[in-house]
Amino acid sequence: MRNLVRVEKENKLAIVTIDNPPLNVISKNVFKGLLEVFTELEEDNETVAVLITGAGDIAFAAGADIKEFPQMMGNPNMKETVRESHAILNKIDHFPKPTIAVLNGMTLGGGCELALACDLRVAEAQVQIGLPEVKLGLFPGAGGTQRLSRLVGNAKAKEIIFTGDSLNAKEAEKIGLVNKVVEQGCGLIEAKNLASRMTRHSLQALSRIKKAINEGSESTLEQGLEIETNLFEEIFQTEDVKEGVSAFLDKRKPAFLHR
């Protein structure tokens, strides 16, 4: 599985690459590789942010491995299979560090669902992104119906999923599906630049920001404020807040310890 999902580290940043040629489809083994990698990175205090991309320049990930679909038909354990996919993408969604999907080619079906589980998405200009499952008589089953609607709104999500049509990068940016569009071949550079503006900060703060937004967005305002209050109390017990305040008063750059 790990030969399908590679990891490189540089400057507090981990770069996760799906390497399943030619189209980097999300097979069961790719899912297992992602689970293994993110489990390891969660415990790695040297890593403050994670980028996910696809090998080559054709696809970020061009969907699930359709060759695996026949064994799912009439499978009495079908729900467990789906829940396993949900669990892995949920782990990425709730991963306690910023994640950026670097879309460097086709981002379809399961690939789109993986991108949706990340915090941010940077797309190269040539990218096509969508959820075409309806064209096979299916619909997105790895969180696509839920995460897309929360990101772009119900009506736009229904349009995308009902038609199965792909969006180009600029169209995706316009509706908030991707954060930024860059020239072909520049996605990883832009994502690294963006991540560098995060990795200089405290992981203790970043993880709580993510938790507050993720959990608060699915709560009432009052519940969200309570989540924020609890996390704000926690952050004042960390070594990093002491360092941050001291550095500000001393007029120097902070050296966060991420604890």
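Structural remarks
- Among 246, 85, 27, residue whose mean-square fluctuation peaks in a GNM of the chain (springs only between Cα atoms under 10 Å): 246
- Highest-MSF residue in the chain out of 225, 51, 194 [GNM, Cα springs under 10 Å]: 225
- D (Stokes-Einstein, µm²/s), Kirkwood Cα radius, region 171-259, 0.692 mPa s at 37 °C: 211 µm²/s
- Model label sites at residue 219 and residue 67, defined 7 Å from Cα along the beta-carbon direction, differ in position by 4.6 nm.
- Using θ = phi - 60° in the Karplus curve 6.51 cos²θ - 1.76 cosθ + 1.60, the 3J(HN,Hα) couplings for region 119-124 round to 6, 9, 9, 10, 10, 7 Hz; x is entered for Gly and Pro.
- The residue 184 and residue 239 beta-carbon pair, evaluated with R₀ = 41 Å, returns a calculated FRET efficiency of approximately 0.45.
- Cα-Cα P(r), region 38-129, percent of pairs per 5 Å interval: 3, 13, 20, 21, 18, 14, 8, 3, 1, 0
- Accessible surface, per residue, of the chain when the full set of protein chains is kept, probe 1.4 Å, Å²: 53 Å²
- Angle in degrees between helix 28-42 and the longest Cα principal axis of the chain, rounded to the nearest 10: 0 degrees
- Mean shadow area of region 1-81 over all directions, Cα convex hull, nm²: 6.1 nm²
- Radius, Kirkwood style, for region 1-156 when every pair of distinct Cα atoms is counted (Å): 15.7 Å
- Evaluated at q = 0.16, 0.24, 0.33 Å⁻¹: base-10 log I(q)/I(0), Debye formula over Cα of region 107-150: -0.40, -0.84, -1.25
- Cut-off under 5 Å, modelled amide H: who pairs with residue 13 long-range: 48
- The chain - percent of accessible surface contributed by carbon and sulfur, probe 1.4 Å: 55 percent
- Orientation-averaged projection of region 143-214 equals 6.1 nm² [convex hull of Cα atoms, one quarter of hull surface area].
- Inter-probe distance in nm under a simple model that places probes 7 Å from Cα toward Cβ, at residue 139 and residue 226: 3.2 nm
- Of the chymotrypsin sites (Phe, Trp or Tyr not before Pro) found in region 162-248, those that fall in a DSSP loop while having at most 12 other beta-carbon atoms within 10 Å are 236.
- Within-12-Å neighbourhood charge of residue 231 [Cβ basis; K, R +1; D, E -1]: -2
- Modelled spin-label separation between residue 159 and residue 175, with each label point placed 7 Å from Cα along the Cα-to-Cβ direction: 0.6 nm.
- Here is how the number arises for the chain: DSSP H runs of 4 or more residues each give -39500 (n - 2.57), the sum is divided by the residue count, and the result at 222 nm is -14000 deg cm²/dmol.
The values are calculated or read from the model by the stated rules, or taken from the named source; none is laboratory data. Model, not experiment: these values are computed from the prediction. A quick note on method: Cβ atoms are made from the backbone with ideal geometry, for glycine too, and the neighbour counts reach across all protein chains shown. Note: areas computed on protein heavy atoms with side chains; ligands, DNA, RNA excluded. Shrake-Rupley method; radii C 1.70, N 1.55, O 1.52, S 1.80 Å.
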